[in-house]
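Okay, structure first, notes after.
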Amino acid sequence: MSHIPIISFVAKSGTGKTTLLEKVIKELKNRGLRIAVIKHAHEFEIDHPGKDSWRHAQAGADIVAVSSEDKFALIEKRQKEMTLDEIASRISGVDLILTEGFKKEKTPKIEVFRSEVSSQLLSKPEELIAIASDVRLDLEVPCYDINDASGIAGEIQNYISNFSMN
């Protein structure tokens, strides 16, 4: 379990999860927080054919690191997908880890709900710290307008404060 609070943004595809997450990240950065984001993907490629790092991996390297003045990336071949806890354990120096996806993980969640995309929530109410929705939902969980990045950021800050006390 991570010593850094983790909150997962979850939703069905096409709901606006990434757009909202971008706005919330900007809001939290404006409030002085250091943020890490972990995005769950079914497959991805950040190494491009012909580049040196790609050539190193093609030659058989199991781990390729790329470092510059202002960025660092680590590409590691895996036999199986890492758990969220395994990924989070590699992150340090931030106040908060936000994830996009990971709806099956046992992390506190903010669900993005759009009535034209879905008729029911993906998460159980006890997993939720908030909902961002285009319609008012009558639940025991704070419900914010889907565009209220400031309100959601405030809810996240409350969660971080309580996390620090535990």
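Within the set of other residues whose C-beta is less than 10 Å from the C-beta of Lys106, count the net charge using Lys and Arg as +1 and Asp and Glu as -1.
Net charge around Lys106: -1.
Farthest toward the dipole's positive end in the chain, which of Phe9, Leu139, Ala88, given Cβ charges of +1 (Lys, Arg) and -1 (Asp, Glu) about the Cα centre?
Working it through, the farthest residue towards the positive pole turns out to be Ala88.
State, as an integer percentage, the relative contact order of the chain based on alpha-carbon contacts under 8 Å between residues 6 or more apart.
32
Given charges of +1 on the Cβ of Lys and Arg and -1 on the Cβ of Asp and Glu, with all other atoms neutral, how large is the dipole of segment 36-101 about its Cα centre, in debye to the nearest 20?
Result for segment 36-101 is approximately 180 debye, rounded to the nearest 20.
Each value in this text was obtained by applying a stated rule to the coordinates, not by laboratory testing. The structure presented is a predicted model; accordingly, all values stated were derived computationally and were not measured. Please note: Cβ atoms are built from the backbone with ideal geometry, for glycine as well, and neighbour counts cover all protein chains shown.
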